[in-house]
1. Out of (1) more than 16 Å from the ligand (Cβ to nearest atom); (2) modelled with pLDDT of 95 or more; (3) more than 30 Å from Ala76 (Cβ to Cβ); (4) of a type outside the set (A, V, I, L, M), what's the single condition that is false for His136?
2. Scan Leu84, Leu130, Leu111 and give me the residue that is over 15 Å from Val32 (Cα atoms) and within 14 Å of the ligand (Cβ to nearest atom).
3. Among Ala147, Ala163, which is surrounded by 12 or more Cβ atoms within 10 Å (Cβ to Cβ), modelled with pLDDT of 95 or more, aliphatic (A, V, I, L, M) and touching a Gly at 6+ places or on another chain (Cβ under 8 Å)?
4. Which condition number in (1) polar (S, T, N, Q); (2) at pLDDT 95 or above; (3) outside any helix (DSSP H, G or I) is the one that Thr156 fails?
5. Residue by residue through region 70-105, note down the ones that are part of a loop (DSSP other than H, G, I, E, B) and closer than 24 Å to Met144 by Cβ.
6. Which of the residues that make up region 176-200 are in contact (Cβ under 8 Å) with a residue 40 or more places away in the chain and either surrounded by 13 or more Cβ atoms within 10 Å (Cβ to Cβ) or not hydrophobic (A, V, I, L, M, F, W, C) (or both)?
7. Collect the residues in region 150-160 that are away from the ligand (no atom under 15 Å from the Cβ) and crowded, with 18+ Cβ neighbours inside 10 Å, keeping them in residue-number order.
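The values are calculated or read from the model by the stated rules, or taken from the named source; none is laboratory data. All figures in this text were calculated on a predicted structure; none of them were measured in a lab. Heads up, the Cβs are rebuilt from the backbone with ideal geometry, glycines too, and the neighbour counts pull from every protein chain shown.
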Amino acid sequence: MGMVRQMIQQDTPPAAVAKALAGLDEAIKGTVPPIWIEPMAKWAGYCSWSDGFESEIRLSDTACGARFDPDSAAMARTTRAIILHEYAHRLMPAGYGHNGAFAAMRLVLALRATNLPDAPEHPDWWSVKLYDVQDHMNDSLITMPQALAWAWAIATELSVTAATADECAVAIKNRWTKYLDAQAHRAAHKAQQQTQQKQLETGNAQAARTHRNDKLFLAFFGLTGWLGAFLALHH
Ligand SMILES: [Zn+2]
């Protein structure tokens, strides 16, 4: 179970946090970092890899139910969703943000945590959101549905393996790099095809123009011939 350090005056962690962490490390094959409970934070959770805080996870005490029903399963699930979102940030640090690779990591953890006690009524993967792939909102190389489809395919494959959460993170990073390369290659190929198509269309238009001119030329000669015959007949 992840260690819980608290910044508020409490002898025991909030019940929702204790419930959310119960059996979680074993389920996700990882080690949830130390958790700080932050009083009245504006955010639900937070995980930083660069500010010297040992990449610990911070949870808002309001989000994890310290001030609400301390024993509710729903609160434990909500708390677990925040913990797993922040832990995914810990595993996929700088540069991944909320992209397809991050979403894949988030889904691996959620699919694994789905086996915990209050499942299957409310499986944890339900809590993975479009928020988790938001970096692709205006991305023409990899769209949101593409990122989500990629993340889902990778996560369903990796979540059932014996690989630890850290090993899954490495695999996701490698495959994401390859996917990015493939998408970039595809985009370059498409651009090249479009240029060729345009050149072909320009060529066709030119040919059509020449053909039209030829027809006009022939029509003119046909007309002069007919006119010549007509004049000859009337002389
Ligand atoms: Zn986040």
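1. The one condition His136 does not meet is (1).
2. Details: Leu84 fails: over 15 Å from Val32 (Cα atoms); Leu111 fails: within 14 Å of the ligand (Cβ to nearest atom).
When all the criteria are applied, what remains is Leu130.
3. On the way: Ala163 fails: touching a Gly at 6+ places or on another chain (Cβ under 8 Å).
Within the list Ala147, Ala163, the selection yields Ala147.
4. (3)
5. Keep residues of region 70-105 that are part of a loop (DSSP other than H, G, I, E, B), which gives 70-72, 92-99.
Across region 70-105, the qualifying residues are Met92, Pro93, Ala94, Gly95, Tyr96, Gly97, His98, Asn99.
6. Going residue by residue through region 176-200, those that are in contact (Cβ under 8 Å) with a residue 40 or more places away in the chain are 176, 179, 183-184, 187.
Residues satisfying the conditions are Trp176, Tyr179, Gln183, Ala187.
7. First, the residues of region 150-160 that are away from the ligand (no atom under 15 Å from the Cβ): 150, 152-160.
Trp150, Ile154, Ala155, Leu158, Ser159 - these are the residues of region 150-160 that are away from the ligand (no atom under 15 Å from the Cβ) and crowded, with 18+ Cβ neighbours inside 10 Å.
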